[in-house]
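Enquirer: First, the structure itself, so that you have it in front of you.
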Amino acid sequence: MTISSKVFVGLGSNLGDKAENIRLAINEIEKNSLLLKVSGIYESFPLGFSTQPHFLNSVCELTTDLDPWEFLRRLMFIEESLGRARTFVNAPREIDLDILLWGSMRINQPGLVIPHPRMESRGFVLGPLVELDPTIVHPDSRRPLIEFYNSFGKFDRPVRINVKASYLGEED
């Protein structure tokens, strides 16, 4: 297996068994990658369309021999297989999978932007991401991501919750 740079993937769910949806997505991601670490689970308020359930969010760190486009297609397949329907922007969803970072790679093409274009303004992404690696520097701004996270107020930060899950190395 040819190993790529470290890849960070954001996971979110606000429909059904949210923690189980995240667990299932991670299990599927593992089929085409080497999972290195998974953050804890965080609860956050929805953005945009606010009259929907709260989200559970996590981030996983991995390596893969797929290229970014192949990996994106794989993530979209996982979303679809877990029931995601893209009805409107910021709609409720069983699972949302986003490539956040791919080493220091930068891609800006229709359908794929790396680093994720709004990650530094989203506490529900940065909380679990800096939990995994508080030294990560944004490839464009060259600022540590923890600086962005520390600038958020109380209501912009997700709350880490206690969820027992096998992918977190915990047993029920």
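Enquirer: Please return the ranges of strands (runs of 3 or more DSSP E) entirely within the stretch 24-105 where 1 or more residues are over 23 Å from Asp156 (Cβ atoms).
Expert: 34-38, 55-63, 96-102
Enquirer: Would you please name the residue that is farthest from Leu35 (Cα to Cα), looking only at residues in the stretch 106-135 that are touching a residue at least 40 places away in the same chain (Cβ under 8 Å) and either β-branched (Val, Ile, Thr) or assigned to a loop (DSSP other than H, G, I, E, B) (or both)?
Expert: Taking the candidates together, the pick is Arg122.
Enquirer: Are any residues in the stretch 14-40 at pLDDT below 95 and within 20 Å of Arg118 (Cα to Cα), and if so, which ones?
Expert: The one that is at pLDDT below 95 and within 20 Å of Arg118 (Cα to Cα): Asn14.
Enquirer: Residues being of a type in the set (Lys, Arg) and modelled with pLDDT under 90: count how many of those fall in the stretch 121-159.
Expert: 2
Enquirer: Moving on. Quickly run through the stretch 124-135 and pick out the residues that are farther than 16 Å from Leu97 by Cβ and surrounded by 23 or more Cβ atoms within 10 Å (Cβ to Cβ).
Expert: Within the stretch 124-135, Leu126, Gly127 meet the criteria.
Enquirer: Which condition from (1) in contact (Cβ under 8 Å) with a residue 12 or more places away in the chain; (2) closer than 21 Å to Leu24 by Cβ is the one that Glu70 breaks?
Expert: Looking at each condition in turn, Glu70 falls short on (1).
Enquirer: Residues in the stretch 1-23 that are buried (at least 17 other Cβ atoms within 10 Å of the Cβ), in a loop (DSSP other than H, G, I, E, B) and among the polar types (S, T, N, Q): how many?
Expert: 2
Enquirer: Condition first: among the charged types (D, E, K, R) and in contact with a helix residue (DSSP H, G or I) (Cβ under 6 Å, 6 or more places away or on another chain). Now tell me which residues in the stretch 98-129 satisfy that.
Expert: Passing the criteria: only Glu120.
The values are calculated or read from the model by the stated rules, or taken from the named source; none is laboratory data. Fair warning: this is a prediction, and the values are worked out from it, not measured in the lab. Don't worry about glycine lacking a Cβ; one is built from the backbone with ideal geometry, like all the others, and counts go over all protein chains shown.
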